[in-house]
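Step one of this worksheet: look at the structure below.
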Amino acid sequence: MAAETLTTPAPSSPTTRKSLANSTFARVARYSALRLVTMIVTVTIGVYLTIMIANMGGYVDTIMRNEIRDNTTQSFLANPAFRNLDPVVRQKLIQAKIASQEERLGLNKPFAVRSINYLRNALTLNLGRATNMTSDQGSKEVRLILLERLPATLLLTGSSELILFFASVFIALSLSRKYGSFLDKLTIAFSPTSAAPPWFYGIFFILIFAAILKVLPFGGLVDSPPPDNTVDYGLSVLKHLILPASAVIVSSIFLSIYNWRTFFLIYSSEDYVEMAKAKGLPPRDVERRYILRPTMPTIVTNFALLVITLWTGFTITETVFLWPGLGITLFRAIGFYDTPVIVGSTIIYAYLLAITVFLLDFVYALVDPRVKVGGN
């Protein structure tokens with residue numbers, strides 16, 4: 001009796017490839033679904049905490065009610081038509097006006113209910129209307145207020161942060177080849193200067209270049225009145241951009257170079273790098289293949305997080321330079337207890353951060369073959 005033989009598909013057969021593809025798709029889909037659920041929960045918790053903090057647990061409602069009561073009472077007392085009314089009648093009119101104002105702002109509902117409404121509107125990007133702030137066109141729409149300030153913030157943060165990032169990476173890579181050189185020691189010596197924030201350097205730059213030398217403007221986005229010619233307008237904006245952008249770059253450049261230089265030095269001492277050097281490969285090929293390639297996920301992560309932080313701006317730096325961006329807008333919103341503007345800015349940043357973190361897992365798999373999406 002002949003023995004039965006079991007035939008196993010070859011590794012390269014269509015059946016095996018199809019099975020591997022289905023397994024990979026199922027693994028990626030399962031991982032993506034889990035990550036999306038986790039991020040939705042995280043964003044929801046973060047936004048709700050922002051709402052609670054912005055409202056001081058409901059204490060802002062008390063402040064707004066007191067302001068409505070004081071303003072309404074003062075307006076009635078200042079109006080000659082109501083001075084001669086019977087005090088009881090006048091008080092009823094005042095209370096009716098106060099109740100109307102509180103109902104218009106939703107203050108007649110408990111804060112717990114209002115916070116849930118805030119959360120639902122924020123998660124659906126229904127940013128609503130600001131309480132006290134307005135755009136330059138007089139609109140109270142939070143969306144218009146934020147969009148109006150966004151270009152100025154992107155100009156300042158984009159130019160300064162991108163210059164800072166790429167300059168730090170390339171200078172650090174160069175210093176990693178010259179470990180112990182004069183420039184390397186100089187960078188280490190100046191790295192503590194990054195302890196001071198950008199606005200600190202900004203004040204000194206204003207004193208030196210605006211007040212004493214009078215070669216650059218004190219602040220603002222453009223000259224007043226703004227030039228009519230497009231070229232002159234652009235040059236005016238560029239002139240106003242020099243001081244705030246320089247303050248941001250100078251405040252972080254040395255520490256950033258030092259961090260990246262140390263990071264590249266760690267990878268430069270790996271055995272495979274020494275092996276590549278022993279084989280006689282040119283230094284440029286060694287850096288590109290054996291140093292930059294393994295560090296690419298970290299570089300991509302830092303760049304991606306840098307891009308989304310462009311949305312937040314520099315709150316105090318923009319205030320010092322009177323730069324009309326999102327940073328100074330958020331600073332004013334906090335001072336005005338304008339919860340919709342604070343929450344609107346936070347929810348957009350939270351969404352950008354969640355999307356970036358989600359996409360980074362797939363980018364890692366593209367730049368580093370060792371990374372498997374959904375793998376252990």
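Residue pairs whose Cβ atoms lie under 6 Å apart, sitting 6 or more positions apart in sequence or on different chains, and linking a residue in the range 207-228 that is within 12 Å of Lys239 (Cα to Cα) to a partner that is part of a helix (DSSP H, G or I) and of a type in the set (Ser, Thr, Tyr), are Val222/Ser236; Asp223/Ser236. Listed by first and then second residue, the pairs with beta-carbon distance under 7 Å, at least 6 apart or on different chains, first residue in the range 302-317 and on the phi > 0 side of the Ramachandran plot, second at pLDDT 80 or above and not in a helix (DSSP H, G or I), are Gly313/Gly325.
Pull up the range 117-174, narrow it to residues that are of a type in the set (S, T, N, Q), in contact (Cβ under 8 Å) with a residue 12 or more places away in the chain and out of contact with any Phe, Trp or Tyr (no Cβ under 6 Å at 6 or more places or on another chain), then point me to the one that is farthest from Val250 (Cα to Cα).
The selected residue is Thr131.
In the set Ile347, Ile355, only one residue is of a type outside the set (Gly, Ala, Ser), modelled with pLDDT under 85, crowded, with 18+ Cβ neighbours inside 10 Å and within 30 Å of Ala245 (Cβ to Cβ); that residue is Ile347.
Among the numbered conditions (1) of a type in the set (Val, Ile, Thr); (2) closer than 28 Å to Ile308 by Cα; (3) modelled with pLDDT of 90 or more, the only one that Thr157 does not meet is (3). Residues in the range 230-246 that are surrounded by 14 or more Cβ atoms within 10 Å (Cβ to Cβ) and within 17 Å of Leu322 (Cβ to Cβ): Ser236, Val237, Lys239, His240, Leu241, Ile242, Leu243, Pro244, Ala245, Ser246. Filtering Gly220, Gly280 for residues that are outside any helix (DSSP H, G or I) and within 24 Å of Thr157 (Cβ to Cβ) leaves a single hit, Gly220. Among the residues making up the range 117-168, a single one is aliphatic (A, V, I, L, M), exposed (fewer than 14 other Cβ atoms within 10 Å of the Cβ) and assigned to a helix (DSSP H, G or I): Leu147. The residue of the range 190-210 that is nearest to Tyr290 (Cα to Cα), among those that are surrounded by 11 or more Cβ atoms within 10 Å (Cβ to Cβ) and aliphatic (A, V, I, L, M), is Ala196.
Of the residues Arg293, Arg332, the single one that is under 30 Å from Pro217 (Cα atoms), surrounded by fewer than 20 Cβ atoms within 10 Å (Cβ to Cβ) and charged (D, E, K, R) is Arg332.
Among the conditions (1) under 25 Å from Val357 (Cα atoms); (2) at pLDDT 90 or above, the only one that Gly313 does not satisfy is (2).
Which members of the range 90-116 meet the condition of being of a type outside the set (Lys, Arg), part of a helix (DSSP H, G or I) and more than 30 Å from Ile40 (Cβ to Cβ)? Of everything in the range 90-116, those that are of a type outside the set (Lys, Arg), part of a helix (DSSP H, G or I) and more than 30 Å from Ile40 (Cβ to Cβ) turn out to be Gln91, Leu93, Ile94, Gln95, Ala96, Ile98, Ala99, Ser100, Gln101, Glu102, Glu103.
Candidates are the residues of the range 76-109 that are within 22 Å of Asp338 (Cβ to Cβ) and of a type in the set (S, T, N, Q); the one that is farthest from the chain's Cα centre (by Cα) is Ser100.
The values are calculated or read from the model by the stated rules, or taken from the named source; none is laboratory data. Every value quoted in this text rests on a predicted model; they were computed, and no experiment measured them. Heads up, the Cβs are rebuilt from the backbone with ideal geometry, glycines too, and the neighbour counts pull from every protein chain shown.
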